[in-house]
1. Would you mind counting up the charge near residue 100? Only other residues with Cβ under 9 Å from its Cβ, with Lys and Arg at +1 and Asp and Glu at -1.
2. Between residue 114 and residue 71, take the C-beta separation as r, use R0 = 25 Å, and let me know the FRET efficiency to the nearest 0.05.
3. Excluding ligands, DNA and RNA, what is the solvent-accessible area per residue of the range 48-94 at a probe of 1.4 Å, expressed in Å²?
Amino acid sequence: FFLNSVVDDRSGRVEKDTMADAELEAIRQRRMQELMAQQGGGPGGAGMPQNMEQAQQQEEQRRAAEDQRQEMLVRILTPDARERLNRVRLVKPEKAVGIENMLLAAAQRGAIGEKITEDRLITLLTQVNEQTQKKTSVKIIRRTSALDDDDW
């Protein structure tokens, strides 16, 4: 980069104006425009419809996958079991999704012959709870020093 030195006549101070500052500012502006275009906002609506279309397609695909997932669950669970799973989802969504994934994987393998009843779902939930239960233990270690008396 080339440095242009400008001497201020009044103070005698040398000010350095760099071409790098202008280039750096141009790079920052381009990057900001790219980020705005990715987020779907900012000037120039040319990129926006494509992003909107992509977002709509992704949303449509997500809905279709969720519908297919729910359809499979309707096939393999009794109404009481589905109701219980939905109640579990209200309290612990991540656990419900894990159970659903487990059930769907078993159904795809062909391991589920008949519809899963509420009682069978309860046993499955308890098994998962036992496996994922966090076991905490407290261990107290007393530090001893040279001044401690061992006679107590």
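1. On the way: positive: 69, 89; negative: none.
Every neighbour counted, the sum reads +2.
2. On the way: r = 18 Å, r/R0 = 0.71.
Plugging the Cβ-Cβ distance into 1/(1 + (r/R0)^6) gives 0.90.
3. Values: 3810 Å² over 47 residues.
On a per-residue basis, the range 48-94 sits at 81 Å².
The values are calculated or read from the model by the stated rules, or taken from the named source; none is laboratory data. Predicted model, so just to flag it, every value in this text is computed and none were measured. Note that each Cβ is placed from the backbone with ideal geometry, even for glycine, and that neighbours are counted across all protein chains shown. These accessible areas exclude ligands, DNA and RNA; they are computed on the full protein's heavy atoms, side chains included. Shrake-Rupley method; radii C 1.70, N 1.55, O 1.52, S 1.80 Å.
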